[in-house]
Amino acid sequence: MIDVTEKDIEIILEKSLIKYNGQKSWKIQSFTKNETLGFLGDHLILIVYNDDKEIADFFLKAIPRHIKKRTELINECGFFTREVTFYEHFLPILDKLSSISFAPKFFYAKNEHFIVLENLKDFKMFLNQTRVLDYAHFKALMKTLAIFHASSLIYEKKFGQLSEKELQMLKEVSHPDEKKSLRTIGVESSIEVMIKLIQLIPKYKKSNRLQEILRKIPNVMRSIFNYVKPSKKFQNVISHGDLWTNNVMFKYDKDNKIEECKIIDFQFVRYSPPAVDITTVLYSSTTKKFRNMYYEEMLEIYYNTMKNELNKNGIDHSNVFPYEELIQSMKMYQKGGLIEALLFCHLTLLPSDLASNILNSSDEYEKFIKQSRVEKCMSAFKIQYYRDHLTEILCELIDNFILYENHIKITGVIEFENSYKYLEKNE
């Protein structure tokens, strides 16, 4: 039950500049028939009426209080608080510094219960079973992501470096350095999944190096805790932290060409190099074939957009964020992007009926967290799109960072020798 009061409605209408003079009423309905869209919250629509005439609708994201274990995870990790902090403190300023609006408008948050945002009804998700983006959609995302990241650089240039209080607001919540955290436990459960799946991949299951791979993969996966920290070497920005296909929405013209792209769901927002977001979405939401064809082009699109945003604000891009830094950081953070993509995709690619069953039952969710994750993922691995995507990511991670078979040339750029060790030693 979502506890929306008349006072809440008045505040929401006032902030959205909607006038009314009659009797107010409202209802809440499902955002979509696909119940798996909201992994860390229930996605709903709030419709407001004035004398029985609809005057506004909003997107409402609520903590799933009816699913105890999901609520515990959200509250323990502070996901709801983090998202509210972003929308209330950072977005109003970043939005003013941007040439486009890269995120939905924020109207209201109630305690630890729900957030009310602009209903992007003219936007759509690029929903397909494989959860991968094509050229046009990924290009649009790179431009929007560059503008979001640029707004963070502009913010610090105009108003000074983020304060300690602001940095605390952006302290890591997705992969905190806490051994007993539910998220840390989740990484360990994910490692168990990867160990089982690797043994199902033909190129490894008969390899004389299989045991070496299985022995090394846990520590490789655990290095994600280093990759998400603010960098001491590279420029940091306010980053999304949860960038994959379902967290991007697109608006199309009458010819079905992309007009706009917006990024949603900021519950993992952090302070890190731009490469963390880019590598994550690159490996979670594209195919290896796409990366081989368009890797360099997409980086150029991203950087040129970033450069234009900085130049418009009188900021020398070559001084603040030179292109060479982007290229170098992409090499350094490739490993982290591959790991994060595996942590995302073994969950986000689960068949919708299976995911819905897990997310909408407290017993099933708790069982999945504690014991059935390996079983469910191995079952999903029989499905081609799930198997193909996870196999591609696992193979790139293993070949490049365990076996080092492709360490000379990685995703179209020359890898610095031993640079994969940099973060573990220096960060």
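Here's the yes/no breakdown for (1) buried (at least 18 other Cβ atoms within 10 Å of the Cβ); (2) in contact with a helix residue (DSSP H, G or I) (Cβ under 6 Å, 6 or more places away or on another chain); (3) among the acidic types (Asp, Glu); (4) without any contact (Cβ under 8 Å) to a residue 60 or more places away in the chain:
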site	(1), (2), (3), (4)
GLU72	no, no, yes, no
THR81	no, no, no, yes
THR85	yes, yes, no, no
PHE90	yes, no, no, no
ASP95	no, no, yes, yes
PRO104	yes, no, no, no
PHE107	yes, yes, no, no
ASN111	no, no, no, yes
VAL116	yes, yes, no, no
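For the residues GLN211, GLN129, the requirement of being surrounded by fewer than 20 Cβ atoms within 10 Å (Cβ to Cβ), polar (S, T, N, Q) and either assigned to a loop (DSSP other than H, G, I, E, B) or on the phi > 0 side of the Ramachandran plot (or both) singles out GLN129. Within the range 133-177, the set of residues being over 26 Å from LYS312 (Cβ atoms), modelled with pLDDT of 95 or more and among the hydrophobic types (A, V, I, L, M, F, W, C) comprises LEU133, LEU167, MET169.
All of PHE290, PHE268 fail the test of being outside any helix (DSSP H, G or I), out of contact with any strand residue (DSSP E or B) (no Cβ under 8 Å at 6 or more places or on another chain) and in contact (Cβ under 8 Å) with a residue 24 or more places away in the chain, apart from PHE268.
Examine the range 318-339 for a residue that is at pLDDT 95 or above, in contact with a Gly (Cβ under 8 Å, 6 or more places away or on another chain) and part of a helix (DSSP H, G or I), and state whether such a residue exists. No, the range 318-339 contains no residue that is at pLDDT 95 or above, in contact with a Gly (Cβ under 8 Å, 6 or more places away or on another chain) and part of a helix (DSSP H, G or I). Checking each residue in the range 184-207 for being without any contact (Cβ under 8 Å) to a residue 60 or more places away in the chain and of a type in the set (Lys, Arg) picks out LYS205, LYS206. Contact map, the range 227-247: residues that are on the phi > 0 side of the Ramachandran plot and part of a loop (DSSP other than H, G, I, E, B) paired with residues that are among the aliphatic types (A, V, I, L, M) and crowded, with 20+ Cβ neighbours inside 10 Å, Cβ distance under 7 Å, separation 6+ or inter-chain. Pairs shown: GLY241/VAL269.
The values are calculated or read from the model by the stated rules, or taken from the named source; none is laboratory data. Model, not experiment: these values are computed from the prediction. Using ideal geometry, Cβ is built from the backbone for each residue, glycine included, and neighbour counts are taken over all protein chains shown.
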